[in-house]
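Have a look at the structure below before the remarks.
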Amino acid sequence: MVIKDIESKLIITKFAMHGYNVHPSAIELLKEFKNELDEIIPKICSALNGSFIISREDILPILNEFKRKRRKEQFKKQFFVEKLKEENLKDDICIKKDSTVTSTCEGNVDYFIAYLNSRFEKLSKILRQRLNGISISNIKKIRTERVDVIGMVKDVRETQNGNVLVEIEDNTDSIRFIATGKLRDLALELMGDEVIGVSGVLRNNNIIADRIIFPDVPLNGEKKRTNFSIVFISDTHFGSKEFLEKEWDLFIKWLNFEVGNEKMREIAESVKYVVLAGDVVDGVGIYPNQEKDLKILDVYGQYEEAAMQIDKIPKRIKVIVSPGNHDAVRQAEPQPALLKEFSNLFSNNVVNVGNPSFLNLDGIKLLIYHGRSLDDVVTKIPRLSYAKPQEAMVELLKRRHLAPMYGGRSPIAPEKEDYLVIEEIPDIFHCGHVHTYGTSFYRGVFLVNSSTWQAQTEFQKKVNLNPMPCNVAVYTPSGEVVRLKFYGG
Ligand code: D5M
Ligand code: FE
Ligand code: ZN
């Protein structure tokens with residue numbers, strides 16, 4: 001028999017190197033494992049007892065065992081999520097980065113170390129464009145007077161004389177810097193595990209800092225123009241008793257040209273995308289005694305309701321759905337897109353993506369992040385408040401990280417790589433979660449927090465959380481942002 005194809009030749013050669021011949025029927029089976037041959041072939045050879053020509057029967061049990069192991073690993077890696085309905089994406093939406101297809105976290109110590117190293121590498125690379133830091137061990141050796149250094153924040157504490165002492169480390173060593181005067185307040189806003197640059201003078205093994213440098217985004221960014229509009233919503237909480245159905249129906253009517261003045265109709269006509277940044281449904285068991293706040297008690301029913309409500313959005317519009325902490329995906333960030341059993345319920349104009357996701361919508365770079373870390377940022381920095389969520393979002397952009405504080409209220413899955421670093425600068429940064437509305441431009445980047453469609457719950461009343469529901473931000477072609485309020489039915 002003449003074997004023509006290259007794959008077969010490769011398999012034959014690999015077995016020959018172990019001193020075996022292999023039957024064509026076995027070769028056919030092995031082709032399915034063409035990327036794993038180097039792992040499988042030694043296993044097969046070591047399991048053989050004297051056969052000279054390896055047959056199909058010889059290898060079947062080994063291959064089956066291998067397949068089982070592979071399936072188990074894939075399950076662990078959360079690859080069971082759909083392939084993002086690629087057929088719906090066409091050319092205009094391009095998913096540049098999505099936690100769904102990249103998540104491989106196994107959650108052990110090695111991953112944790114790899115995660116923090118990755119965070120440091122990525123952020124120090126950004127910082128190196130702004131300052132020429134040398135390694136901490138070199139500072140200690142060279143003992144120059146003026147120093148620039150890049151490090152990860154380990155500890156921040158106030159001293160008895162009112163200064164702030166910050167310990168930073170890189171992969172060589174750690175050092176402390178002292179922030180006095182004006183820098184003091186800034187130092188107190190530093191979050192554990194964020195990566196910063198420090199410039200100052202070396203005194204007694206400490207740095208007296210005169211500048212703290214954040215990775216930040218460049219100053220000269222400009223707002224982007226388009227030939228379509230994008231609508232931003234989040235926290236629909238379908239299934240909650242507090243879901244504001246009348247207001248939602250008004251929003252739907254607006255998109256269907258059934259309500260609003262001429263200007264509003266014009267805007268509605270230009271809408272090409274609706275983006276939903278998480279907390280699609282209210283979920284089940286998210287907080288104690290949630291049942292009494294639920295209209296729909298099972299998650300599947302809640303997603304059926306979500307699909308039905310989102311189906312009312314006209315089909316000329318593409319809807320991008322990203323999950324939040326109330327959705328039925330893992331809690332730790334990055335979160336994968338909705339499972340197939342839920343995403344299948346939605347119409348073809350809906351694209352499910354992970355949280356966070358970096359998309360390119362017809363030339364507009366959009367970063368979607370539900371916004372759980374905003375709770376940490378607002379709690380940590382007293383000058384910030386839930387009433388102005390866009391200001392908390394600036395802090396994330398400045399730190400070029402979606403969850404700068406490791407171990408706060410936002411659980412992070414320690415992936416081998418830190419997917420929460422804002423590596424590429426978006427044109428638009430969209431969050432939700434805090435249920436309040438706010439927009440601004442920061443160095444050319446449009447920031448939007450898109451409030452909610454859920455009225456204040458009993459629980460939120462108790463924690464004094466005042467939502468601003470049913471506010472919708474629309475990014476129009478000129479880069480002008482329009483705020484629409486859908487109140488009362
Ligand atoms: O979160 C909506 C908002 O409510 C968000 O800012 C967090 C806040 N929240 C949620 N749970 C708590 C607790 N336990 N304490 C204080 N504040 C909280 P959502 O994700 O829609 O529940
Ligand atoms: Fe929410
Ligand atoms: Zn949330």
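Is region 338-346 home to any residue that is more than 30 Å from ASP110 (Cα to Cα), of a type in the set (Gly, Ala, Ser) and either in contact with a strand residue (DSSP E or B) (Cβ under 8 Å, 6 or more places away or on another chain) or open to solvent by less than 10 Å² (accessible area, probe 1.4 Å) (or both)? Within region 338-346, one or more residues are more than 30 Å from ASP110 (Cα to Cα), of a type in the set (Gly, Ala, Ser) and either in contact with a strand residue (DSSP E or B) (Cβ under 8 Å, 6 or more places away or on another chain) or open to solvent by less than 10 Å² (accessible area, probe 1.4 Å) (or both).
Being more than 16 Å from ligand 2 (Cβ to nearest atom) and open to solvent by less than 10 Å² (accessible area, probe 1.4 Å) narrows it down to one of ALA387, ALA403, so name that one.
Going through ALA387, ALA403 in turn, the sole match is ALA403.
Within region 404-436, the set of residues being outside any loop (DSSP other than H, G, I, E, B) and within 14 Å of ligand 3 (Cβ to nearest atom) comprises HIS430, CYS431. Restricting attention to region 455-468, the residues that are assigned to a loop (DSSP other than H, G, I, E, B), away from ligand 3 (no atom under 14 Å from the Cβ) and of a type outside the set (Gly, Ala, Ser) total 4. Of all residues in region 229-283, exactly one satisfies the criterion of being among the hydroxyl-bearing types (Ser, Thr, Tyr) and assigned to a helix (DSSP H, G or I), namely SER270. Against the conditions (1) of a type outside the set (Gly, Ala, Ser); (2) closer than 30 Å to LEU294 by Cβ; (3) in contact with a Gly (Cβ under 9 Å, 6 or more places away or on another chain); (4) open to solvent by 10 Å² or more (accessible area, probe 1.4 Å), PRO411 satisfies every one except (3). Pick from region 264-296 the residues that are at pLDDT below 95 and not aliphatic (A, V, I, L, M): which of them is least open to solvent (accessible area, probe 1.4 Å)? Among them, the one singled out is GLN290. Of the set (1) under 20 Å from the mean Cα position of the chain (by Cα); (2) more than 23 Å from LYS96 (Cα to Cα), all apply to TYR487 but (1).
Being out of contact with any Phe, Trp or Tyr (no Cβ under 9 Å at 6 or more places or on another chain), surrounded by fewer than 13 Cβ atoms within 10 Å (Cβ to Cβ), part of a helix (DSSP H, G or I) and not assigned by TED's automatic domain parsing to the domain that holds ARG399 is a condition met by no residue of region 128-135.
Looking only at region 357-372, filter to residues that are open to solvent by less than 10 Å² (accessible area, probe 1.4 Å) and assigned to a loop (DSSP other than H, G, I, E, B); which one of those is nearest to GLN302 (Cα to Cα)? Looking at the filtered set, the residue picked out is HIS370.
The values are calculated or read from the model by the stated rules, or taken from the named source; none is laboratory data. Computed from a predicted structure; not experimentally measured. Every residue, glycine as well, gets a Cβ built from its backbone with ideal geometry; the counts of neighbours run over all protein chains shown. These area figures cover heavy atoms from the full protein model, side chains too; ligands, DNA and RNA do not enter into them. Shrake-Rupley method; radii C 1.70, N 1.55, O 1.52, S 1.80 Å.
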